[in-house]
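Comments concern the structure below.
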Amino acid sequence: MATDVHGPVSPAATPVAQAVHVEGLTRAFDGRAVVDDLHLDLAPGEFVALLGRSGCGKSTLLRVLAGLDRDIDGTVMVPRRRGVAFQAPRLMPWKRVWRNVLLGLPGKPERALAEQALEEVGLGHRVNAWPKTLSGGEAQRVSLARALVREPDLLLLDEPFGALDALTRINAQRLVGELWQRRGCAVLLVTHDVEEAVLLADRVLVMDGGRIAHEQRVELDRPRELTDPRFAAIRADLLGRLGVTPAAQAA
Amino acid sequence: MSISHAPPHPSDAAGTAKPPASPTLQRLVPASSRRSRLPRWLRRTTGPLTLLVLWQVLSSTGALAPDVLASPGRITQVAGDLIADGSLPSAMGISLRRVAAGLVLGTVVGTGLALISGLFRIGEDVVDAPVQMLRTVPFVGLIPLFIIWFGIGETPKIAIITLGVTFPLYLNVYAGIRGVDTQLIEAGESLGLSRWGLVRHVVLPGALPGALTGLRYSLGIAWLALVFAEQVNADSGIGFLMVQARDFLRTDVIVVCLIVYAFLGLLADFIVRSLERLLLRWRPTFTGR
């Protein structure tokens, strides 16, 4: 998708291509606004991480974008083709892995399609397995393959690495980064892990009080190094925004 | 507990650390070598066999009169006679046919109602309350009413079995549908499944374990209902055989019929188990076999 960002852009006349456009979104539970007059734009192919303390409304926002929560006010524009990976893999335990991957695809998709998607996440050898026999990391990768097999223009990730152990998480993060670069879809990653956000995203948003409270561009070359002083600076700044004091950071 | 006899702490200030005293080691015997040489199945059969021998001895010595309970030998002999003259096989055939008819009807009605009230909110409002009310009526109590309605032919017997089968199935299928993980339903929605697709790929498979539990209960109740139905003015079937035997004080025939009931029940249970193994292969408990 060619978007000439260097040309003279007059916002009113030529609308820039967008993967997500949210304007004045409000979602209230029993009168309490969890998402409150929120504005958000994602460019096609952009990787955005959404940080925030638990209960700040970041998961609610993702559910709205996924189309799972329609009790909303405001404008929400999202691509028709969306993929979602939740914190739990949410695979149907009664379907073999490859059938899980193809579930919901229109028509009669070929098994080869699932095999290809599973190969891409490094699970070509578990095509025929039952989901309950997979390890946590494997199940999460199946869930990722299931989201990617429908070639989404927008990939929504709701803390997909939250339940993984530290070693598995590092691999899964790297995998998501690679898949994103290969596929070129826009990604919204909801997480509470600042390091993960800075490692992967073009842009990190901090959500607080139901809106985007802070925005931070990450203009470091990929692959990014945790030891890079600029990385550490961004990380420290974001932690500060999230209310983590420097003393606690050092600990 | 007194600690006064504890050895002095080894960390002397002088620094001449003695090597720690080596504890006495104990061999842990593997479980397999401790097992008795008698195989398990043999040990398990000794209990019932002892009872059987005791029963035979009591009968042979006359301590247990034949009109109270026939001896095992006599029962075996009678069973052979009943099979030889064809009365037992024909009675079994008739009884089996009744159970099958009631089971099929009850499964259709119970599952159908559960689907209506499980899948649709309006169905729940309309169907669930009446079913829950009817459920509390003991179905055996309806036999007199059914005889007045349907006469004394096959219909009231099958109706009783149908009724007994319907409710456990309804309850379990309904609970199974309503118990499907909402997270999975949401995942299905996020994958773009239609309403029917959600039912087919998420709700029904998710309700299957509950449905099979219901089927097991239903089978048990079907035999129970059969016994009741056949002992009230029947002219054929195992129940009839028993009523007839009662009139002639033939405890041997009664015991043979009871054994037949037990075997039929075991057979039914085996069928459901096989179904479970086949349909619930995805559950981790079934992968190991």
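The values are calculated or read from the model by the stated rules, or taken from the named source; none is laboratory data. Treat the numbers as computed from the prediction; the structure is a model and nothing was measured. When we count neighbours, we look across all protein chains shown, and the Cβ atoms used for this are built from the backbone with ideal geometry, even at glycine. All accessible areas refer to the heavy atoms of the entire protein, side chains included, with ligands and DNA or RNA removed. Shrake-Rupley method; radii C 1.70, N 1.55, O 1.52, S 1.80 Å.
Out of all the residues in region A:130-158, which are away from every other protein chain (no Cβ under 14 Å) and touching a residue at least 24 places away in the same chain (Cβ under 8 Å)?
Selection gives A:GLY136, A:GLY137, A:ARG141.
Every residue in region A:70-89 that is touching a residue at least 24 places away in the same chain (Cβ under 8 Å) and either in a strand (DSSP E or B) or more than 25 Å from A:GLY184 (Cα to Cα) (or both), please.
If the condition is that a residue be touching a residue at least 24 places away in the same chain (Cβ under 8 Å) and either in a strand (DSSP E or B) or more than 25 Å from A:GLY184 (Cα to Cα) (or both), then A:ASP71, A:ILE72, A:ASP73, A:GLY74, A:THR75, A:VAL76, A:MET77, A:ARG82, A:GLY83, A:VAL84, A:ALA85 are the ones that fit.
The conditions are (1) at pLDDT below 90; (2) among the β-branched types (Val, Ile, Thr); (3) more than 26 Å from A:ALA117 (Cα to Cα), and A:VAL198 fails exactly one of them. Which is it?
Going through (1) at pLDDT below 90; (2) among the β-branched types (Val, Ile, Thr); (3) more than 26 Å from A:ALA117 (Cα to Cα) one by one, A:VAL198 breaks only (1).
Look at B:TYR170 and say whether it is modelled with pLDDT of 95 or more and either within 16 Å of the chain's Cα centre (by Cα) or closer than 26 Å to B:LEU267 by Cα (or both).
Criteria met by B:TYR170.
Go through region A:93-106 and give me each residue that's open to solvent by 70 Å² or more (accessible area, probe 1.4 Å) and more than 20 Å from B:ARG281 (Cβ to Cβ).
Correct list: A:PRO106 only.
Could you go through region B:59-71 and let me know if any residue there is part of a helix (DSSP H, G or I), surrounded by 10 or more Cβ atoms within 10 Å (Cβ to Cβ) and touching a helix residue (DSSP H, G or I) at 6+ places or on another chain (Cβ under 8 Å).
Yes: region B:59-71 contains one or more residues that are part of a helix (DSSP H, G or I), surrounded by 10 or more Cβ atoms within 10 Å (Cβ to Cβ) and touching a helix residue (DSSP H, G or I) at 6+ places or on another chain (Cβ under 8 Å).
Can you pull out every residue in region A:117-129 that is touching a residue at least 12 places away in the same chain (Cβ under 8 Å) and out of contact with any helix residue (DSSP H, G or I) (no Cβ under 6 Å at 6 or more places or on another chain)?
A:GLU120, A:GLY122, A:ASN128
Return only the number of the condition from (1) away from chain B (no Cβ under 14 Å); (2) farther than 21 Å from B:ASP181 by Cβ; (3) open to solvent by 20 Å² or more (accessible area, probe 1.4 Å) that A:VAL127 does not satisfy.
That leaves (3) as the condition not met.
Each row is one residue, and each column tells you yes or no for (1) in a loop (DSSP other than H, G, I, E, B); (2) modelled with pLDDT of 90 or more.
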| residue | (1), (2) |
| --- | --- |
| B:ILE185 | no, yes |
| B:TRP196 | no, yes |
| B:LEU204 | no, yes |
| B:ALA207 | no, yes |
| B:LEU212 | no, yes |
| B:ILE221 | no, yes |
| B:GLU230 | no, no |
| B:ASN233 | yes, no |
| B:ALA262 | no, no |
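Run B:PHE150 past the list (1) open to solvent by less than 70 Å² (accessible area, probe 1.4 Å); (2) closer than 25 Å to B:LEU226 by Cα; (3) hydrophobic (A, V, I, L, M, F, W, C) and report the number of the one that doesn't hold.
Going through the list (1) open to solvent by less than 70 Å² (accessible area, probe 1.4 Å); (2) closer than 25 Å to B:LEU226 by Cα; (3) hydrophobic (A, V, I, L, M, F, W, C), B:PHE150 breaks only (1).
For residues in region A:41-92 being farther than 20 Å from A:SER143 by Cβ and basic (Lys, Arg), which is most open to solvent (accessible area, probe 1.4 Å)?
So, considering only residues that are farther than 20 Å from A:SER143 by Cβ and basic (Lys, Arg), the one most open to solvent (accessible area, probe 1.4 Å) is A:ARG80.
Can you name every residue in region A:24-75 that is under 19 Å from A:ASP153 (Cβ atoms) and over 17 Å from the mean Cα position of the chain (by Cα)?
A:THR75
Check region A:160-174 and report whether any residue there is over 22 Å from A:ALA145 (Cβ atoms), surrounded by fewer than 15 Cβ atoms within 10 Å (Cβ to Cβ) and without any contact (Cβ under 8 Å) to a residue 60 or more places away in the chain.
So far as region A:160-174 goes, yes, one or more of its residues are over 22 Å from A:ALA145 (Cβ atoms), surrounded by fewer than 15 Cβ atoms within 10 Å (Cβ to Cβ) and without any contact (Cβ under 8 Å) to a residue 60 or more places away in the chain.
Can you tell me which of B:VAL127, B:VAL99, B:VAL108, B:VAL78 is open to solvent by 30 Å² or more (accessible area, probe 1.4 Å), among the hydrophobic types (A, V, I, L, M, F, W, C) and assigned to a helix (DSSP H, G or I)?
When all the criteria are applied, what remains is B:VAL108.
Only one of these is in contact with a helix residue (DSSP H, G or I) (Cβ under 8 Å, 6 or more places away or on another chain) and assigned to a loop (DSSP other than H, G, I, E, B): A:LEU175, A:LEU188, A:LEU164. Name it.
One residue alone meets the criteria, A:LEU164.
Is it true that some residue in region A:87-94 is closer than 24 Å to A:GLY209 by Cβ and either of a type in the set (D, E, K, R) or within 12 Å of another protein chain (Cβ to nearest Cβ) (or both)?
yes
Quick one: in region B:174-203, which of the residues that are touching a Gly at 6+ places or on another chain (Cβ under 6 Å) and open to solvent by less than 20 Å² (accessible area, probe 1.4 Å) is farthest from the other protein chains (Cβ to nearest Cβ)?
So the residue we want is B:ILE177.
Go through A:ALA163, A:ALA186, A:ALA114, A:ALA145 for me and flag whichever is of a type in the set (A, V, I, L, M, F, W, C) and more than 17 Å from the chain's Cα centre (by Cα). Full working, then the answer.
On the way: A:ALA163 fails: more than 17 Å from the chain's Cα centre (by Cα); A:ALA186 fails: more than 17 Å from the chain's Cα centre (by Cα); A:ALA145 fails: more than 17 Å from the chain's Cα centre (by Cα).
Only one candidate qualifies: A:ALA114.
Please specify each residue of region A:191-221 satisfying the condition of being open to solvent by less than 80 Å² (accessible area, probe 1.4 Å) and in a loop (DSSP other than H, G, I, E, B).
A:THR191, A:ASP193, A:ALA201, A:ASP202, A:GLY209, A:GLY210, A:VAL218, A:LEU220 - these are the residues of region A:191-221 that are open to solvent by less than 80 Å² (accessible area, probe 1.4 Å) and in a loop (DSSP other than H, G, I, E, B).
When only residues in region A:21-37 that are more than 22 Å from A:ASP193 (Cβ to Cβ) and of a type in the set (A, V, I, L, M, F, W, C) count, which is most open to solvent (accessible area, probe 1.4 Å)?
A:PHE29
If only one of B:LEU163, B:LEU142, B:LEU171 is assigned to a helix (DSSP H, G or I) and without any contact (Cβ under 8 Å) to a residue 24 or more places away in the chain, which one is it? Write out each step before concluding.
Values: B:LEU163 fails: without any contact (Cβ under 8 Å) to a residue 24 or more places away in the chain; B:LEU171 fails: without any contact (Cβ under 8 Å) to a residue 24 or more places away in the chain.
So the residue among B:LEU163, B:LEU142, B:LEU171 that is assigned to a helix (DSSP H, G or I) and without any contact (Cβ under 8 Å) to a residue 24 or more places away in the chain is B:LEU142.
For A:VAL244, work out the one condition from (1) at pLDDT 90 or above; (2) in a loop (DSSP other than H, G, I, E, B) it doesn't fulfil.
All conditions are met except number (1).
If a residue has to be out of contact with any Lys or Arg (no Cβ under 7 Å at 6 or more places or on another chain) and either among the aliphatic types (A, V, I, L, M) or assigned to a loop (DSSP other than H, G, I, E, B) (or both) to count, how many in region A:47-58 make the cut?
The qualifying residues number 7.
Return the pairs, sorted by first residue and then second, in which the second residue is surrounded by fewer than 24 Cβ atoms within 10 Å (Cβ to Cβ) and not hydrophobic (A, V, I, L, M, F, W, C), the first residue lies in region B:213-242 and is touching a residue at least 40 places away in the same chain (Cβ under 8 Å), the beta carbons are less than 6 Å apart, and the residues are 6+ apart or on different chains.
B:GLY214/B:PRO168; B:TYR217/B:PRO168; B:SER218/B:PRO168; B:TRP223/B:GLY265; B:GLU230/B:GLY239; B:GLY239/B:GLN231
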